[in-house]
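Participant: Can you read through this structure? Questions will come right after.
Computed from the coordinates by the stated procedures, all read-outs in this text should not be read as laboratory data. Bear in mind that the values here come from a model prediction, so they are computed numbers and not experimental data. Every residue, glycine among them, receives a Cβ derived from its backbone with ideal geometry; neighbour counts consider all protein chains shown.
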Amino acid sequence: MIRDLSRNIRGFFRGKELLLWAAALFLLLAAAYAFSIDIRASRGASITGDEPFYLLTTQSLLADGDLDLQNQYDTKSYRLFFDHADDLWYQSAPTPDGRLLSPHNPGLSVLAIPGFVLGGLRGVQIQLLLMAAVTMSLAFVLADRLTNQRFICWLATLGVGLTATVFIYSTEIYPEFPAAMALVVGLLIATRRNKPAGTMRCTSPPR
């Protein structure tokens with residue numbers, strides 16, 4: 001019993017240590033990603049590509065309760081987040097019943113609702129950069145669990161998290177980081193069942 005209690009106590013403190021490492025990584029990356037918010041997507045607009053269309057659907061869901069974007073085009077309400085001198089172009093043609101639907105799945109648009117309500121475009125970008133920092137922190141936890149090389153995993157994750165691709169994507173309105181978060185969470189759940197009781201790490205299977 002004393003041995004089991006001692007093992008559980010050690011596992012508890014190892015878990016707290018891992019949490020501190022992950023929290024430090026999150027704070028560093030979130031602070032770094034904040035600097036990517038003001039990087040313009042093009043010379044004429046803060047966002048471009050598919051980004052405004054995800055937000056257009058978010059705006060339609062909040063204002064009209066539907067996925068029909070025609071009202072947003074008619075009133076040019078997209079000017080709240082699209083600052084190009086020209087009007088927002090069309091990505092789709094009206095359906096036979098007259099609705100104008102985005103060609104993109106609405107998942108990201110629904111996910112962006114909290115950030116959009118709190119701060120419009122800037123709110124969504126902050127929401128996504130926090131999700132990006134959480135994703136990288138969880139990736140570090142996963143790597144630590146699989147390798148038992150905490151310091152190396154932390155440095156490697158920090159290095160990857162500060163690469164140009166990750167830095168720029170952290171505040172772009174695309175589904176890559178939310179999808180990555182779902183994948184990492186799934187892997188953490190899948191590998192947790194292999195952990196010995198009372199520890200924060202899994203052991204390698206016998207060979």
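Participant: Which number in (1) buried (at least 21 other Cβ atoms within 10 Å of the Cβ); (2) outside any helix (DSSP H, G or I) marks the one condition that MET136 misses?
Facilitator: (2)
Participant: Can you say whether SER102 is on the phi < 0 side of the Ramachandran plot, assigned to a helix (DSSP H, G or I) and of a type in the set (Ser, Thr, Tyr), as far as the supplied structure shows? Full working, then the answer.
Facilitator: Details: on the phi < 0 side of the Ramachandran plot: yes; assigned to a helix (DSSP H, G or I): no; of a type in the set (Ser, Thr, Tyr): yes.
No; evaluated as a whole, the condition is false for this residue.
Participant: Name every residue in region 67-90 that is more than 25 Å from ILE37 (Cα to Cα) and surrounded by 13 or more Cβ atoms within 10 Å (Cβ to Cβ), in order of residue number.
Facilitator: If the condition is that a residue be more than 25 Å from ILE37 (Cα to Cα) and surrounded by 13 or more Cβ atoms within 10 Å (Cβ to Cβ), then LEU67, ASP68, LEU69, GLN70, ASN71, TYR73 are the ones that fit.
Participant: Which of the residues belonging to region 29-78 are in a helix (DSSP H, G or I) and among the charged types (D, E, K, R)? Write out each step before concluding.
Facilitator: Step one: of region 29-78, the residues in a helix (DSSP H, G or I) are 29-36, 51-63, 70-75, 77-78.
Scanning region 29-78 gives GLU51, ASP74.
Participant: Of the residues in region 101-119, how many are closer than 18 Å to GLY49 by Cα and surrounded by 14 or more Cβ atoms within 10 Å (Cβ to Cβ)? Before the answer, list the steps.
Facilitator: Initially, region 101-119 is screened for residues closer than 18 Å to GLY49 by Cα, giving 101-109, 112.
Of the ones still in play, those that are also surrounded by 14 or more Cβ atoms within 10 Å (Cβ to Cβ) are 101-102, 104, 106, 108-109, 112.
Of the residues in that region, 7 qualify.
Participant: Do we have any residue at all in region 145-163 that's in contact (Cβ under 8 Å) with a residue 24 or more places away in the chain and at positive phi?
Facilitator: Yes: one or more hits.
Participant: Tell me the residue from VAL160, VAL141 that is surrounded by 18 or more Cβ atoms within 10 Å (Cβ to Cβ) and among the β-branched types (Val, Ile, Thr), please. Full working, then the answer.
Facilitator: On the way: VAL160 fails: surrounded by 18 or more Cβ atoms within 10 Å (Cβ to Cβ).
None of the others qualify; the one that does is VAL141.
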